[in-house]
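The structure appears below as structure tokens.
The values are calculated or read from the model by the stated rules, or taken from the named source; none is laboratory data. The model shown is predicted, which means the values in this text are computed figures rather than measured ones. Ideal geometry is used to build each Cβ from the backbone, glycine not excepted, and the neighbour counts take in all protein chains shown. These area figures cover heavy atoms from the full protein model, side chains too; ligands, DNA and RNA do not enter into them. Shrake-Rupley method; radii C 1.70, N 1.55, O 1.52, S 1.80 Å.
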Amino acid sequence: MWKIKHKNQALLPSNAIFVILCLVCLIGLLHYPYIGLTLENKEETWTVVTVDPYGEGGRSGISEGDLILQIDGLAHELYPSVQKWHEIVGVSLLTVQTPGEAARTVYMVQPSPIKTLSSEIALIVVGLCFWLMGLNARMKRPNVQAASALFRLNRLVGVLFVLTPASSRGLWFAKELMFAGFALASPLLVHFIAVLLKREQEKSYRTMMGLLLILPVLILFTILLKWSGFVYAVSELRAMSLINGLFGFAAACMLLFRLWRLPANEPEKNRINLMLVGLLAGLLPFLIFTVVPILAGLEPVLYSRVTALFVAILPFTMSYAVIHQYLPDSRKLLQDGFTYLMAGIITSLILYGFLLVNGWLLSNDIDSYLVLFALTMGTIFLFSCLNFVGHKLAERFDTGKGAASNGEWSEHKEALHPDEEKAILEELSHRLKLEGALVIIEQGGSVFLLKACGRYDDNQGEQQALEEHHLKNLKTVQTGQLLPRTFPAEFYFPFVAGSFSCGLFLGYRRSRMTLNAQELPWLNIIAGQTCQRFKDLADIKSLHERVKDGEEKMEEFYRKSRPAALLKRWLFKNLEEEKRKLAREIHDGPLQNSLYLYQKLQALKDLPDGAVNAHDLSEIKDRIDDLSYDLRAICGELRPSALKEHGFMPALEGFVQETMRHEMITITMDIKGISRLDRFEEDIELTVFRLVQEGIRNVLKHSGSGNAEITIVRRDREIRVEIKDDGKGFDPTLIQENMQDELQTDSRFGLIGMKERVEGLGGEFTIISGSGQGTVVRAALPYKKGR
């Protein structure tokens, strides 16, 4: 780890030098105008031979064949850039003469910084792309030799792209550094490709590098001679640099085409095709439209500012080939590249025809179309890059979502869904660039789950073949294994942990590359971690179901215990009411009579013997009778004596008669299968009596009816009781809801008390009622003894 950090820290000086050099070049761009004139000494007269239309010289009206008489008021022999490079750079005043016309003075005006940057932004951006892509590969793959080779190449090419506009503005040693960089770029490119494809030890590579180093040595030697003032080989130096670039491109393509004959399943095959696409798409337009015309002595079809847009493809493809060990199918890359090329050609032809018909083109030659084609391809490439970056950013932002904290369990517990296993398989297939994946999960010998994605999703035949292989090899295979090419999957991994077991199948890569034995260790690690995720997911789902069952049981317990708790409170309240009622009845009746008797006896005690008359004794006797009657009535109310002595039938008859005597109600009672002499368990008889008693009280208090029917039947070892009225009725479903109203509706709790009493004896209790339909209360009580 320390070595890696040490190596990354070693990049700081080189990157700092690159940044400082970029800043110096930027200052030169903003300080001096770009003239764009190349001169030739003809019979001691300096004549303009090339004019860059993007330079200030071309914009000022200077054309080829014009004579340059003075530069900034000095003779041209005294101006160093003219003597050394045959170019005019960093001047503000020119004396120009067109043949056959009088001499004129032309002022070179420095454009605004925005205009200067906009004219040179393409070269600067391409240079930064080379540097950043090389640095990215070097940082992500610090121990890979190809990453170091790419970083050196991209750093040099990035400097060249930044130096190119600055070298035409009089920056010291910019020209020398630029030609030296061009001399070294080609060998570094071929070296990078050889290192990437692990061919640097081959004899053919060494021979090729020896031939490629001949021109760079000549170029560097020529630069030294020119800097010393011994030679003035400007055009020769430029030609050697361009020819060196052509040779480097040809050598790189030859190396790739020679390796292109490798078998289709070799890992290097995709990397070779990717590099070929990058070289052809990036460098071919620059060489054909810019370099070849210059070497032929013609005007460039497209200047470097346009063709540099194509060169920007190269750093991205080279960096991608270094960083990613497993590349996508190169056939798809070639297909996409061809699609983009055809789209660019067709789109540029349509635009060219549209502009030509409307007269918006200055000329209708091939140069105009090529410029339009280059702009179209650059636009397509730019939008493709933006789309790629947008997808990557969206994936990164989506990765951090969906994880719930422990405190949010109740809110996010429904996030677990039955397709979670399929989501894991899809992620695995996406990361490994596979055609599909399948998993077979067993837990506890009872849960069997098969999930698939990709090619196996709806393929029942392949699913059945993989399932049979899993059932056959789960107990015998201990680690991951590569499967035959004829099998639907390429890799199988069994996993057993306690009662949990699963088998993971990985499909073939979407490219032509097959898995090999060297990849088995990391495949086993990935498959093991994935199966562990399946086990964790199964445990989480099991725990989730247990928690859910526990919550349901708790809710059921609460639902059942809530009425019991409220009923208990009601019973205590009712008991207190009965105590208050009993106390009031004793106070108003027996207690008053007892006080009267006490006072009367006290008065008779003070009378002389023989003074007590018959009237006083009769009055005392009547009071004693009233006291006895009141006490018997209170005892009968608490527990009828007839119920204990004669059974519930005589007790009910007495209760009905007493009720009709004191209340405006007609009660009919029909008893079947039970005689006056039949007796049952004490609890049964008391429950039947209290049911009838509570039912008649509810009729009197709440039904508004003047009639009630009582039916008691003995059948099938059950006593069935029915109390019916024709009153206003109610909604039985409101009984449970009214229990939340802090015991404000005593009638509802009376019914619930009846229900609890009946069900406590193993019976059944039902209520049938409706608004305006009366009420029927039914109870069925099983009995064990009866006579």
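Close amide H pairs (under 5 Å, H built 1.01 Å from N) link L69 with T95, V96, Q97, residues at least 5 positions away or on another chain.
Evaluating 6.51 cos²θ - 1.76 cosθ + 1.60 at θ = phi - 60° for every residue in region 515-527, the Karplus couplings come out as 6, 10, 5, 5, 8, 4, x, 6, 5, 5, 5, 5, 5 Hz, glycine and proline recorded as x. Computed across region 659-704, the Kirkwood hydrodynamic radius from all distinct Cα-Cα pairs reaches 12.4 Å. Residue by residue, region 481-492 carries 3J(HN,Hα) couplings of 9, 7, 9, x, 5, 7, 7, x, 10, 9, 9, 10 Hz when phi is fed to the Karplus relation 6.51 cos²θ - 1.76 cosθ + 1.60 (θ = phi - 60°); x denotes Gly or Pro.
Under 10 Å from the Cβ of C25, count the other residues' Cβ atoms, weight Lys and Arg +1, Asp and Glu -1, and hand me the total. Once positives and negatives cancel, what remains is 0. Among 89-102, 187-200, sorting by the average number of other beta carbon atoms lying within 10 angstrom of each residue, highest first, gives 187-200, 89-102. In this structure, the amide hydrogen of F491, modeled 1.01 Å from its nitrogen in the peptide plane, lies closer than 5 angstrom to those of L483, L506, counting only residues at least 5 positions away or on a different chain. Just the protein heavy atoms count here, and of the accessible area of region 135-192 at 1.4 Å, carbon and sulfur take up 68 percent.
For N707, nonlocal amide neighbours, meaning residues 5 or more places apart or on other chains whose placed amide H falls under 5 Å from its own, are T666, D726. Calculate, for region 52-148, the solvent-accessible area per residue in square angstrom, rolling a 1.4 angstrom probe over the heavy atoms of the protein chains. With the other protein chains kept in place, region 52-148 gives 48 Å² per residue.
Calculated FRET efficiency, W172 and I294, Cβ-Cβ r, R0 25 Å, to nearest 0.05?
The computed FRET efficiency comes out at 0.50.
What the phi angles of region 768-774 give under the Karplus curve with 6.51, -1.76 and 1.60, with θ = phi - 60°, is a coupling list of 10, 7, x, 4, x, 10, x Hz, glycine and proline written as x.
The share of Cα pairs per 5 Å bin across region 421-489, counted from zero up to the longest distance, runs 3, 15, 24, 28, 21, 8, 1 percent.
The solvent-accessible area of H86, taken with every protein chain present and a 1.4 Å probe, is close to 40 Å².
Residue separation of S618 and Q529 scaled by 0.36 nm, minus their Cα-Cα distance, works out to 21.5 nm of gained length. Full extension of the chain between I540 and Q97 yields a length gain of 150.6 nm, computed as 0.36 nm times the residue separation minus the alpha carbon distance. Taking a sphere under 10 Å around the Cβ of V48 and counting the other residues whose Cβ falls inside, with K and R at +1 and D and E at -1, yields a net charge of -3. The accessible surface of region 20-78, taken with every protein chain in place and a 1.4 Å probe, is 58 percent carbon and sulfur.
Take each of the peptides 431-440, 26-35, average the number of other beta-carbon atoms within 10 Å over its residues, and list them starting from the highest.
Result, highest mean Cβ count within 10 Å first: 431-440, 26-35.
Spin-label model, T733 to L604: label points 7 Å out along the Cα-to-beta-carbon direction sit 6.8 nm apart.
Within the set of other residues whose C-beta is less than 14 Å from the C-beta of T98, count the net charge using Lys and Arg as +1 and Asp and Glu as -1. That works out to -2. Available extension along the chain between L23 and E236 is 73.6 nm, counting 0.36 nm per residue and deducting the alpha carbon span.
Using a Förster distance of 22 angstrom, determine the FRET efficiency expected from the C-beta separation of F338 and L375, and round it to 0.05.
Working: r = 20 Å, r/R0 = 0.91.
Computed FRET efficiency for F338 and L375 comes out at 0.65.
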